[in-house]
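Structure first, commentary second.
The values are calculated or read from the model by the stated rules, or taken from the named source; none is laboratory data. Since we're looking at a predicted model, the values are computed, not measured. Glycine also receives a Cβ, built like all others from the backbone with ideal geometry; neighbour counts cover every protein chain displayed. When the accessible area is computed, the model is the full protein with side chains, heavy atoms only, and any ligands, DNA or RNA have been set aside. Shrake-Rupley method; radii C 1.70, N 1.55, O 1.52, S 1.80 Å.
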Amino acid sequence: MSNHRMTRRNFIKTTGIAVAGSAFLGTGLLPNRAWAAKNSVIVGMTQEPVNFNPLLYVNSGTEEVPEACMFDALWDVNDMGQFIPNLAARVPTYENGGISPDGLVWKIELKKGVKWQDGASFTAKDVEFTYKTIVRPDVAIRSRSGFDLIADFNILDDQNVEIILAKPYVPFAWAWQKMHIVPEHILSKVGDINTAAFNTNPIGTGPYKLVKRVAGSHMIYEKNPDYHRGAPAIDKVIHKFVPDQTVAYTQFKTGEIDVFGLHGVPPERFEESRKLSDRDALETPAPWVEFVYFNCGKPQFQEKVVRQALYYAIDKEKWIKDIYYGLPPRTLSYLHPTHWAYNPNLEDPGYDPRRAVEMLEGAGWKKGADGIREKNGVKLNFSMSTTAGSKAREQAQAMIQSNWKEIGVVMEIKNMPASVVWGEYTTNSHFDTLMVGWEPTVGMDPDYAARCHSKQIPVKYGTGSNYVQYENPDLDKLLDEGVLISDMEKRKAVYHKIQAILHEDVPFAPIFAYMFMYGKKSDLKGYKINPYVTDITWNIQDWSWG
């Protein structure tokens, strides 16, 4: 929460809105266009962010909005897939001398005159502190990929740093693009960064500052007039949380939401959304893939034959065609099928409940008196969780529940608010199965170590995103090898092998690559669809009303 005291007078001053009485402030009522200032934008989503420190691991997907508003990376990736400078004065390349010919030395020049939102100067110390925090074993970092290969980090002066790698790491530029810089002058004084007050009341260098948060309802940001890329044209951003996807869409139709993001228009409303007046329906490809996650640490899922059988027993085509109206493409990997490293030789298991039964029977999973398959006292009776209120996912869960019941498997639907299901329930691997969508962890690079390397299980090692607790030494070797190869064709061969192993072992079952139907008001200018990022607010500083 902001230290700014939100009295009735301050609320009017902060938002530009007069509110009858003071009841609103105590109730957390959802904001709407009627009370929002004209020069503001309401971004509506179905999930609520739970942590705003851009280094710590999170899972809901909506943390990217506060991060885009409040923080900056050294460089960004634009809608053409090109790295563009942000806090760095230029993006280091072989051509400009920023990267040594052997790929081991990176020299980064920082932009001058950048200020933190509390007025302190941004310097090389902040970049160094960010790196040192990322590699600290006691901090729950979302990914250390690449940063753990830094052999030496040298501050040359306030605006220049030199990084020396122990060995080449091909996606190093992507690693920095995915990590926002945090303030050394604040966090260096904190005992435990994992629980710091900063994590919900942060200070960044970004285009907007957080001024109010109402848990379960909304967050309000006001523009940073001293932003180093120029003050935003829009004065305020209201990030609104509407858990029910259909309700959120209705609010977009009626004008209570200006930009409709995660999870976007419900599939059954795709055609209607294309015909709304003064609204733009935005078909948006994203690097996410929808999975069913199996917790390999639970006794039901320790045998890969069980995971394989459950994958066979899901009617995947029906899921895509009936629930998502055929919009998203099928994928057999953690990569989008258009990705340069995607393995096109993977065989689609299709929908084959008969084969699933044969596999389970052959592995000794027999039906008990209650009709549920069991082996050595372990029953195939478990739960599946995802975000409560996501209608399409709830429909998919019901379908899977029916699919699995036909083969003697009982699945209980156990959904929760985003702030709960994607909190410690996921990060500490408490779940049985999840329905979840995630993207590669190092930008658009095919490196997937953070999600499936044996040493990236956070409940065991305090780092990474291998929430399914999958362990395979052969895969580990390939993951370690893949990030060292600069030749694209040789890299592709390694990642084809990685995908083949994951396809065989099924620690997670890929279903489709994401294609969202987002929406915005037609007179909002500057909004750009960017297939290279998962964040619709990636360039929020450029938005304006026409």
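Failed condition for I108, given (1) buried (at least 22 other Cβ atoms within 10 Å of the Cβ); (2) β-branched (V, I, T); (3) within 24 Å of the chain's Cα centre (by Cα), with all others met?
Just one mismatch for I108, condition (3).
Quick one: would you say K13 is at pLDDT below 55 and of a type outside the set (V, I, T)?
Details: at pLDDT below 55: yes; of a type outside the set (V, I, T): yes.
For K13, the condition - at pLDDT below 55 and of a type outside the set (V, I, T) - is met.
Of the residues in region 79-88, how many are open to solvent by less than 50 Å² (accessible area, probe 1.4 Å) and modelled with pLDDT of 95 or more?
3
Return the pairs, sorted by first residue and then second, in which the second residue is of a type in the set (D, E, K, R) and outside any strand (DSSP E or B), the first residue lies in region 269-296 and is farther than 14 Å from P328 by Cα and open to solvent by 20 Å² or more (accessible area, probe 1.4 Å), the beta carbons are less than 6 Å apart, and the residues are 6+ apart or on different chains.
Close Cβ pairs satisfying both conditions: A281/R274.
Can you report the number of residues in region 426-441 which are over 11 Å from the mean Cα position of the chain (by Cα) and touching a residue at least 12 places away in the same chain (Cβ under 8 Å)? Don't jump to the end; show me each part of the working.
First, pick out the residues of region 426-441 that are over 11 Å from the mean Cα position of the chain (by Cα): 426-435.
Narrowing further to those that are touching a residue at least 12 places away in the same chain (Cβ under 8 Å): 426-429, 431-435.
Qualifying residue count for the region: 9.
Scan region 399-418 for residues that are among the hydrophobic types (A, V, I, L, M, F, W, C) and either open to solvent by 50 Å² or more (accessible area, probe 1.4 Å) or under 23 Å from the mean Cα position of the chain (by Cα) (or both) and report the count. Show your work before the answer.
Residues of region 399-418 among the hydrophobic types (A, V, I, L, M, F, W, C): 399-400, 404, 407, 409-411, 413, 416, 418.
So of that shortlist, the ones also either open to solvent by 50 Å² or more (accessible area, probe 1.4 Å) or under 23 Å from the mean Cα position of the chain (by Cα) (or both) come out as 410, 413, 416, 418.
Counting residues in region 399-418 that are among the hydrophobic types (A, V, I, L, M, F, W, C) and either open to solvent by 50 Å² or more (accessible area, probe 1.4 Å) or under 23 Å from the mean Cα position of the chain (by Cα) (or both) gives 4.
Go through region 304-338 and give me each residue that's over 25 Å from the mean Cα position of the chain (by Cα), closer than 25 Å to T427 by Cβ and among the charged types (D, E, K, R).
Within region 304-338, K304 is the sole residue that qualifies.
Somewhere in region 271-280, is a residue touching a strand residue (DSSP E or B) at 6+ places or on another chain (Cβ under 9 Å) and under 19 Å from T537 (Cα atoms)?
Within region 271-280 (the criterion being touching a strand residue (DSSP E or B) at 6+ places or on another chain (Cβ under 9 Å) and under 19 Å from T537 (Cα atoms)), the answer is yes, since at least one residue qualifies.
From the list Y249, Y311, Y325, which one is open to solvent by less than 40 Å² (accessible area, probe 1.4 Å), among the aromatic types (F, W, Y) and closer than 25 Å to D348 by Cα?
Numbers: Y249 fails: closer than 25 Å to D348 by Cα; Y325 fails: open to solvent by less than 40 Å² (accessible area, probe 1.4 Å).
Exactly one of Y249, Y311, Y325 is open to solvent by less than 40 Å² (accessible area, probe 1.4 Å), among the aromatic types (F, W, Y) and closer than 25 Å to D348 by Cα, namely Y311.
Out of G119, G113, report the one residue that is touching a residue at least 60 places away in the same chain (Cβ under 8 Å), open to solvent by 20 Å² or more (accessible area, probe 1.4 Å) and part of a loop (DSSP other than H, G, I, E, B). It would help to see each step written out before you state the result.
Values: G119 fails: touching a residue at least 60 places away in the same chain (Cβ under 8 Å).
Result: G113 is the single residue among G119, G113 that is touching a residue at least 60 places away in the same chain (Cβ under 8 Å), open to solvent by 20 Å² or more (accessible area, probe 1.4 Å) and part of a loop (DSSP other than H, G, I, E, B).
Let me spell it out: the conditions are (1) assigned to a loop (DSSP other than H, G, I, E, B); (2) surrounded by 15 or more Cβ atoms within 10 Å (Cβ to Cβ), and I320 meets all of them except one. Which number is the exception?
(1)
Looking at region 143-167 only, could you name the residues that are in contact (Cβ under 8 Å) with a residue 60 or more places away in the chain, open to solvent by less than 50 Å² (accessible area, probe 1.4 Å) and of a type outside the set (A, V, I, L, M)?
Residues satisfying the conditions are S143, R144, S145, G146, Q159.
Please go through region 214-246 and pick out each residue that is touching a strand residue (DSSP E or B) at 6+ places or on another chain (Cβ under 9 Å), of a type in the set (G, A, S) and open to solvent by less than 40 Å² (accessible area, probe 1.4 Å).
The one that is touching a strand residue (DSSP E or B) at 6+ places or on another chain (Cβ under 9 Å), of a type in the set (G, A, S) and open to solvent by less than 40 Å² (accessible area, probe 1.4 Å): S217.
Please name all residue pairs, on different chains or six or more residues apart, with Cβ atoms under 9 Å, provided the first residue is in region 443-461 and is on the phi > 0 side of the Ramachandran plot and the second residue is among the basic types (K, R) and open to solvent by 10 Å² or more (accessible area, probe 1.4 Å).
Once the first residue is on the phi > 0 side of the Ramachandran plot and sits in region 443-461, its partners that are among the basic types (K, R) and open to solvent by 10 Å² or more (accessible area, probe 1.4 Å) give G443/K178.
Out of everything in region 485-522 that is among the polar types (S, T, N, Q) and at pLDDT 95 or above, what residue ends up being surrounded by the most Cβ atoms within 10 Å (Cβ to Cβ)?
We begin by selecting, within region 485-522, every residue among the polar types (S, T, N, Q); these are 486, 499, 522.
Still in the list and also at pLDDT 95 or above: 499, 522.
Working: Q499: 23, S522: 12.
Here the residue is Q499.
Can you tell me which residue is farthest from D72 (Cα to Cα) among those in region 523-545 that are part of a strand (DSSP E or B) and open to solvent by 20 Å² or more (accessible area, probe 1.4 Å)?
W545
Please determine whether any residue of region 184-202 is buried (at least 22 other Cβ atoms within 10 Å of the Cβ), touching an Asp or Glu at 6+ places or on another chain (Cβ under 8 Å) and either of a type in the set (S, T, N, Q) or modelled with pLDDT of 95 or more (or both).
Of all residues in region 184-202, those buried (at least 22 other Cβ atoms within 10 Å of the Cβ) come to 202.
After this cut, where a residue has to be touching an Asp or Glu at 6+ places or on another chain (Cβ under 8 Å) as well, the list is none.
No, region 184-202 has no match at all.
When A175 is evaluated against the numbered criteria (1) within 25 Å of L110 (Cα to Cα); (2) among the aliphatic types (A, V, I, L, M); (3) in a helix (DSSP H, G or I); (4) open to solvent by 30 Å² or more (accessible area, probe 1.4 Å), which criterion, by number, is the only one it fails?
(4)
At pLDDT below 95 and among the acidic types (D, E): which single residue out of D226, D148, D235, D152 fits that description?
Working: D226 fails: at pLDDT below 95; D235 fails: at pLDDT below 95; D152 fails: at pLDDT below 95.
D148 is the lone residue from the list that is at pLDDT below 95 and among the acidic types (D, E).
Are there any helices (runs of 4 or more DSSP H) wholly within region 337-452 with 2 or more residues that are farther than 16 Å from V289 by Cβ, and if so which? Break it down into steps so the answer makes sense when it comes.
On the way: elements: 353-362, 391-405, 418-421, 424-427, 449-452.
Counting at least 2 such residues, we get 353-362, 391-405, 418-421, 424-427.
When you go through G103, G97 one by one, which is the residue that is surrounded by fewer than 16 Cβ atoms within 10 Å (Cβ to Cβ), more than 27 Å from the chain's Cα centre (by Cα) and part of a loop (DSSP other than H, G, I, E, B)? Working first, answer last.
Working: G103 fails: surrounded by fewer than 16 Cβ atoms within 10 Å (Cβ to Cβ).
Of the residues listed, the single one that is surrounded by fewer than 16 Cβ atoms within 10 Å (Cβ to Cβ), more than 27 Å from the chain's Cα centre (by Cα) and part of a loop (DSSP other than H, G, I, E, B) is G97.
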